[in-house]
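The values are calculated or read from the model by the stated rules, or taken from the named source; none is laboratory data. Because the structure is a prediction, the values reported are computed rather than measured. Using ideal geometry, Cβ is built from the backbone for each residue, glycine included, and neighbour counts are taken over all protein chains shown.
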Ligand code: AMP
């Protein structure tokens, strides 16, 4: 692994936080954590180049927790994230690290949530605010959020904020933060504009980048399953059941708690499975490995550290149940299979948000990882029936069946049925608690996304969200960055209305309705600002947003028909560059008529962004 640091205790974290991490089941810091935590604890500004899946949230969240004075119920840290989903996830992570910090409050504030709730929560006081730029800006303008006590500011997924058109808002916020504070900027890539922001607002930042050392992997079959539509555990058992050549497996998870949980669940489903983690002493560890070698165990669920150096030739499969932190960890993990000249199989579970990490692994290992189609119920049934037939064939070849044949004949006669029916009844009895036909339905293939799909799942409060399973488990749809559909960013700067079909993507299909909004070129608004605001506030994915016509004082935007009232209301109140957009159906004729109509209206005061 990239880092020699094996323990959180070496990073300078307090005993109370170390205890929390042990409770959560974190064994060792991930590479980005090992490098960032000491730097942040020393108070330096930091640029961290890391993506989802590397453990970057804890890399900034743990040092944040150390700085919080719980007695002071004022925002002491502000984390800006591009989306509300991420804001909630980061808030959840912070809350989990506050287990031993009674009285700690973290508040996510994001577009689409009612102001009334947010105002109430803000007035109660929170120590850390995690928010999307637009909503944070609004609260700063309304003076409902005060940053006078701010010690640290974190920009999470800065490149994503740029792509979604929020970078000006981020700068606006940065300009209004107290002079003296620490700033940490995390970004998977470092485009020029992000560099510029870093140069302008960060003071002598330390730059930390996790290397993705290239490594060739042996002849191992590598596949991935994008978590979607089914719980990871169910998917795992289905996959293991139909995998050809399955002999034994090592399954990698992130925490020691997860090793135990998964081992228990697999054991309950009839697998010979055990956990291997840092809590086991050397002797117990060796015992587990011996059992795997001898065949007393078929599955070992391990953390990275505990599985270092395991050499068991019969391991036919490695499953990355949780994605590894970096490419080195991946190479190390999959090296546990394909040993002693045998073929190996590596299966990787990837949550939609982790797709970027998958691509990084592919690049670093210079080997493509093929998508795996989840076995259907019929596949599993076929496999079970084939196994059953094999067993029956073995028995048929054995001697001494006459006694049983006689019993079958007797039953047939007594019940007045044929021998086939008796055999069918015996088959049913012989299922040994594991039905040949698995019950239930196949999950629908990854759900065809609907324009307003995210809305129905949108949490109405942080608390409600906390009770729901995490996005990875639910198989959330890919976010903005994973679809590769970028809005066009350049501004042509002429006076004609500008119509944009975002390039490199199919035009949205289905009925579209044209809406008018009260922001235009005179407000310094660009197409990306409108796309970002609508995507974030109403939960409409950018690819469902149709043509955008940019006029001087207003704009038009095509959105899918059938918008739910909740999304429509959210969009009425949405602001772009501080101006409420007041979205409503456009009554003007397409193109020119719209411009005439709205040119004369001047319903709002012009308030160029730069003057605010
Ligand atoms: P992130 O890359 O920040 O989105 O983190 C991804 C996942 O890794 C989250 O579920 C974290 O709880 C988990 N995680 C982060 N750091 C560690 C660690 N040191 N040990 C175990 N799990 C971790």
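For the stretch 322-344, filtered to residues that are in contact with a helix residue (DSSP H, G or I) (Cβ under 9 Å, 6 or more places away or on another chain) and more than 12 Å from the ligand (Cβ to nearest atom), the residue that is nearest to residue 286 (Cα to Cα) is 334. Residues of the stretch 223-234 that are out of contact with any helix residue (DSSP H, G or I) (no Cβ under 7 Å at 6 or more places or on another chain) and modelled with pLDDT of 95 or more: 223 alone. Report yes if residue 493 is part of a loop (DSSP other than H, G, I, E, B), over 20 Å from residue 582 (Cβ atoms), modelled with pLDDT of 50 or more and more than 16 Å from the ligand (Cβ to nearest atom), otherwise no. Considered against the rule, which asks whether it is part of a loop (DSSP other than H, G, I, E, B), over 20 Å from residue 582 (Cβ atoms), modelled with pLDDT of 50 or more and more than 16 Å from the ligand (Cβ to nearest atom), residue 493 comes out as no.
Looking at 32, 47, just one residue is under 24 Å from residue 360 (Cβ atoms) and either away from the ligand (no atom under 16 Å from the Cβ) or surrounded by fewer than 23 Cβ atoms within 10 Å (Cβ to Cβ) (or both), and that residue is 47.
Number of residues in the stretch 55-94 that are surrounded by fewer than 21 Cβ atoms within 10 Å (Cβ to Cβ), under 30 Å from residue 539 (Cβ atoms) and away from the ligand (no atom under 12 Å from the Cβ) equals 0.
For first residues located in the stretch 78-99 and free of Cβ contacts under 8 Å to residues at least 60 places away in the same chain, partners that are within 12 Å of the ligand (Cβ to nearest atom) and assigned to a loop (DSSP other than H, G, I, E, B) and lie 6+ apart or on another chain with Cβ distances below 9 Å form the pairs 87/81; 87/156. Looking across the stretch 102-117, the residues that are in contact with a helix residue (DSSP H, G or I) (Cβ under 7 Å, 6 or more places away or on another chain) and either under 20 Å from residue 172 (Cβ atoms) or in contact (Cβ under 8 Å) with a residue 40 or more places away in the chain (or both) come down to 107, 108, 109, 110, 111, 112.
Of the residues that sit in the stretch 160-180 and are modelled with pLDDT under 95 and under 21 Å from residue 40 (Cα atoms), which one is surrounded by the most Cβ atoms within 10 Å (Cβ to Cβ)? Among those residues, the one meeting the criterion is 177. In the stretch 189-221, the qualifying residues are those that are outside any loop (DSSP other than H, G, I, E, B) and touching a helix residue (DSSP H, G or I) at 6+ places or on another chain (Cβ under 7 Å), and the one that is surrounded by the fewest Cβ atoms within 10 Å (Cβ to Cβ) is 193.
Residue by residue, here is whether (1) within 26 Å of residue 157 (Cα to Cα); (2) at pLDDT 95 or above holds:
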{"position": "295", "(1), (2)": "no, yes"}
{"position": "299", "(1), (2)": "no, yes"}
{"position": "321", "(1), (2)": "yes, yes"}
{"position": "347", "(1), (2)": "no, yes"}
{"position": "357", "(1), (2)": "yes, no"}
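Test residue 135 against the stated conditions and say whether it is at pLDDT below 95, closer than 30 Å to residue 580 by Cα and away from the ligand (no atom under 16 Å from the Cβ). Talk me through it step by step, then tell me what you get.
Details: at pLDDT below 95: yes; closer than 30 Å to residue 580 by Cα: yes; away from the ligand (no atom under 16 Å from the Cβ): yes.
Yes, satisfied.
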